[in-house]
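To start, the structure under review is shown below, and the notes come after it.
Any read-out appearing in this document is the output of simple, stated calculations on the displayed coordinates, not a laboratory observation. Not measured: the values here are computed from a predicted model. Ideal geometry is used to build each Cβ from the backbone, glycine not excepted, and the neighbour counts take in all protein chains shown.
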Amino acid sequence: MEGRSHVREPAGKAPRSPWPPRVRTRALAAAVAFGSPAVALGLTVAVGALLFAALGQSPGRALGMFFIEPWRGARGWSELAVKATPLAIIALGLAIAFRANVWNIGAEGQYILGAIVATGVALRADAGSGRGIVLMVLAGGVLGGMFWAGVVAFLRDRFNASEILVSLMLVYVAELWLGYLVYGPWKDPEGFNFPQTILFLPATEIPRLVAGHRATVGLLVALAAAPLAWLFLGRTAAGFELEVCGVAARAARYAGFSSRRALWIALLVSGGMAGLAGALEVAGPLGQLTPHLPVGYGFAAIIVAFVGRLHPFGILLASVLMSMFYIGGDLAQSRLGLPQALTGVFQGLLLFALLACDALARRWAARRPRPLPEPEPAGLEAAADPLAPVADGHPAGEALSS
């Protein structure tokens, strides 16, 4: 019968897939990229339910504090935006660094330095300052974060110091600087001896999105930063150079790319974005510098970057998820009497589950047999290439002419 193949597959072999190997490889990569975070989130919820049950709480009610309550009402949406804004901005910068194989673990310190420098600019404002000083406050935050990340880049470039250890240790130095300033020269003389600066003047505050709520235009900055990061990584020569240096350092050197330039760009960009997040936080929802500024956004943003698969738009979704954990931890503490540490527990569970899913997926993909090339029908080899040699050593064209 025409149109039906009479060739049978050898015994013991699975039938060939109708899709080409390249399409199957891309489909598998997409399934791992999007499936691992979903499975990791499911495992986090399951383990969290068991944890709540062990603590004597209703798992459904406790999980509702994390995944349902943050979405109720305009105030809940506003608080989600407040938490997600710094997480998204920091994670976007970290994704750029991680793609270049530069492990900036100390974004929390750059976030603090950005807030400190932004505060220094804001404290110089007076009654005659215009709204344009807000841009100077944000620029100060960016420069502060870039300076702190530049210390890491210099030590790595000059002395080959580990950027992981240096950036992490500088977090504690930044926290000491913060404590010194709010307990010392910047302490509000009329603040009843509390370690905090004076409230920022209205001219230096980040505009609110909606009156009566804490969400600011920083959310719009985060939403705009995602497509800009995508364009930088995927449509510019500098972004391509960063990715090549991160994936194949030898190939990058052969192509003439500078690993030193990639190191500096990755750290300065990630540090600047962390500093920008600090400026938006201190001049936005907080309105003053306090020792309670560092709440772990710089460390949580690392999880956000990996849950978002180092993709700018995936990071936006992951930042919303992580902000739900922050708000859910506060609600679980105030309404159910559970410890505040549950926020960190959920963050750790999500990261552990994601790493486990990725490791298992890579192991499974490595053990899969590689597809064999599709055999060509017999008798068509010579027709496909008229210059191919035949059995007597003459080209196929000569054999046919003879």
Bin width 10 Å, origin at 0, all Cα-Cα pairs of the stretch 239-377: what percent of pairs per bin? 9, 24, 30, 21, 10, 4, 1, 0
What does a probe at residue 260 reach in the stretch 160-177, counting residues whose amide N is under 13 Å from the point 7 Å along Cα→Cβ? 160
What three numbers, in Å, describe the spread of the alpha carbons of the stretch 269-346 along their principal axes, ordered from the longest? 41, 33, 16
Where in the stretch 341-370 does the label zone of residue 50 land, with the point 7 angstrom along Cα→C-beta and an amide N cut-off under 14 Å? 349-350, 353
q = 0.12 Å⁻¹, the stretch 31-364: log10 I(q)/I(0) [Debye, one scatterer per Cα]: -0.87
Packing-based order for 73-80, 189-196, 301-308, 276-283, using average beta carbon neighbours within 10 Å, highest first: 276-283, 301-308, 73-80, 189-196
Farthest positive-ward along the stretch 31-364 dipole, Cα basis, beta-carbon charges - from 361, 37, 274: 361
Using the Cα centre of the stretch 31-364 as origin and beta-carbon charges of +1 (Lys, Arg) and -1 (Asp, Glu), tell me which of 122, 60, 338 is placed farthest towards the positive end of the dipole. 60
Rank the residues 357, 245 as a footprinting-exposure proxy: fewest other Cβ atoms within 10 Å of their Cβ go first. 357, 245
Work out the length of the dipole vector of the stretch 31-364 about its Cα centre, built from +1 on the beta-carbon of each Lys and Arg and -1 on the beta-carbon of each Asp and Glu, and round it to the nearest 20 debye. 700
Taking the number of other C-beta atoms within 10 Å as the exposure measure, put 163, 175, 108, 241 in order starting with the fewest. 175, 241, 163, 108
